[in-house]
Amino acid sequence: MPRLSISNGSSLMELRTGKHSSLESLLSLMKIYSLRFNASPMVISPLSFQLIPFQSFSLGTSAGERKLMPTIHEEMDRRQLLYSLLMPVMNLYVPGLDKGKGLYFLFVKAETKTPGGLLARPVLTSYYNSDHFKTRPYDPFNVYTSPNEAILCVDSFQSMYAQMLCGLIMRNEVLRVGAVFASGLLRAIHFLQNNWKQLAHDIATGTLNPKITDAPVRECMRKILKPNPELAQFVTMECYEENWECIIKRIWPRTKYLDVIVTGAMAQYIPTLEYYSGGLPMACTMYASSECYFGLNLNPMCKPSEVTYTIMPNMAYFEFLPRESSTSCLVDLADVEVGKEYELILTTYAGLCRYRVGDILRVTGFHNAAPQFRFIRRKNVLLSIESDKTDEAELQNAIENASLLLKEFNTSVVEYTSYADTKQIPGHYVIYWELLVKDSANAPTDDVLNRCCLQIEEPLNSVYRQSRVADNSTGPLEIRVVENGTFEELMDYAISRGASINQYEVPRCVSFTPIMELLNSRVVSKHFSPDLPHWTPERRR
Ligand code: AMP
């Protein structure tokens, strides 16, 4: 066991009392021993000063590549505390939520081990596998249609199938429909579009699709699934229609709201969710990450554009790096100022690890003395469909990688920009390319440009590739070749709107409708990745 000596007890007391000045020195003082994933990692519990072995690692996506973050068992209690506040808050705004069920599409992912043998898995996988979730006491406000067996099945098709089937069977009891992120709920709708015939067949006959082979799922579905031809006919009638507008309200008529995060990168899904739900309110209840859960929305039925999160000071030690300041002095949670933007920094109880999460927040006001924050954006994220986060440098590198294929055709990429197309499910990255073909007799063929799509995907971060290969939550990358001169027109457009010629830079990601219209009207050919990029569950060293 590693030896540890702490010589300055007063600093520890200062941490307990939350004095900011001490944190810097304390962190360097309390060096975490053996924080090597192939040794026996230990952590000092800041409250009891005991040595506690790290029990597992959270796999986070915050930086594109998967990150390992040490965690301890006690951290789950803290997170549970935040979860337990969600329904009391919601109950203030939506009455009667104890009179029915929640249809939540919740999933786990396969876990891996560190070289030292510790478990590494996404934070929600840890939570759903914990006793806090699995053996939660009965609470009428938190009854789900999905059985634990379905949520805990690592095969995403089988898990989704069983959860959807239960949601259909219990359709008249459902009061809220949700997933963690908006993209997850849209995947569920897409799944229903693709699988309603089989689901209706199962409901009509009371037999389970033979593709569901997971024994615990089969066993629990055996108890739930009974022949119900009337319900099967209803599902067929609703889903057979081309028009899926309002489908959520049609199938689950008692739904009072959608429980999904639609702030930050998820805001792009609001119009599609409005279409499928017939304008149901969307509640963004909490703000969290793998590093730490941060806080909750105390006014959950507000419009998505007005959502603010109140950070719970007991979740971690929070610090804030001002965005527009020449100094890099950190500000305490108690000292942030209304209207200012900050980058969030936190130090966890699980190991006194200090993280720059990469989120930019703006202070909008206070709840009593607790500051409230609007999520502004993630730092350096250009493209995101689901949990993937691709930054400008990565995209540039990927484009350069693909351009190599064009060399033998004496062709180069003059300009490019990108767009996260989430109109279809799954969403996909679109890259607009303006090419300079020097020898038109030897221009790159359709096949070459398809392969360029794959060459762009290969060097992208592992979270992107995982979402393509394992999760199927992102579709094949698309290149749209545009006419020569298109990017000059783009510049003319920007200048006509007041941009300075001197300072004009091609936007590397676009979403503004007039610009999209301009680009799309100049497309000469479209190409898609012909294959899946390479991905394995192991982390890159
Ligand atoms: P991960 O570390 O993979 O769990 O991703 C956590 C990140 O997801 C956060 O740092 C945010 O960027 C984003 N996120 C989580 N909750 C919210 C929310 N309520 N609104 C906007 N973005 C969020």
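The values are calculated or read from the model by the stated rules, or taken from the named source; none is laboratory data. Computed from a prediction, not measured in an experiment: that's the story for all the values here. We place every Cβ from the backbone using ideal geometry, glycine too, and count neighbours over all the protein chains shown. For accessibility, only protein heavy atoms count, side chains too; no ligands or nucleic acids. Shrake-Rupley method; radii C 1.70, N 1.55, O 1.52, S 1.80 Å.
Here is how the numbers come out for the structure above:
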{"quantity": "Unmet requirement for residue 280, which otherwise passes all of (1) within 16 Å of the ligand (Cβ to nearest atom); (2) touching a residue at least 24 places away in the same chain (Cβ under 8 Å)", "calculated": "(1)"}
{"quantity": "Qualifying residue in segment 333-342 (condition: open to solvent by 10 Å² or more (accessible area, probe 1.4 Å), within 13 Å of the ligand (Cβ to nearest atom) and over 17 Å from residue 89 (Cβ atoms))", "calculated": "no"}
{"quantity": "Within segment 184-197, tally of residues that are open to solvent by less than 10 Å² (accessible area, probe 1.4 Å) and of a type outside the set (Gly, Ala, Ser)", "calculated": "4"}
{"quantity": "Residue count for segment 262-277, restricted to those that are near the ligand (Cβ under 8 Å from one of its atoms) and open to solvent by 20 Å² or more (accessible area, probe 1.4 Å)", "calculated": "3"}
{"quantity": "Unmet requirement for residue 298, which otherwise passes all of (1) touching a residue at least 60 places away in the same chain (Cβ under 8 Å); (2) surrounded by 18 or more Cβ atoms within 10 Å (Cβ to Cβ); (3) of a type in the set (A, V, I, L, M)", "calculated": "(2)"}
{"quantity": "Residue in segment 249-261 that is within 16 Å of the ligand (Cβ to nearest atom) and open to solvent by 10 Å² or more (accessible area, probe 1.4 Å) present", "calculated": "yes"}
{"quantity": "When residues of segment 359-402 are limited to those that are open to solvent by 70 Å² or more (accessible area, probe 1.4 Å) and closer than 25 Å to residue 182 by Cα, the one nearest to the ligand (Cβ to nearest atom)", "calculated": "377"}
{"quantity": "Qualifying residue in segment 426-434 (condition: more than 22 Å from the chain's Cα centre (by Cα) and open to solvent by 10 Å² or more (accessible area, probe 1.4 Å))", "calculated": "yes"}
{"quantity": "Tally, over segment 343-358, of residues that are part of a strand (DSSP E or B), within 13 Å of the ligand (Cβ to nearest atom) and touching a residue at least 40 places away in the same chain (Cβ under 8 Å)", "calculated": "5"}
{"quantity": "Answer residue from segment 172-183, given it is open to solvent by less than 60 Å² (accessible area, probe 1.4 Å) and over 15 Å from residue 146 (Cα atoms) and is modelled with the lowest pLDDT among those", "calculated": "183"}
{"quantity": "Hits in segment 459-479 - residues which are in a helix (DSSP H, G or I) and in contact with a helix residue (DSSP H, G or I) (Cβ under 9 Å, 6 or more places away or on another chain)", "calculated": "464, 465, 468"}
{"quantity": "Helices (runs of 4 or more DSSP H) completely within segment 109-176 that count 1 or more residues being within 16 Å of the ligand (Cβ to nearest atom) and touching an Asp or Glu at 6+ places or on another chain (Cβ under 7 Å)", "calculated": "123-129"}
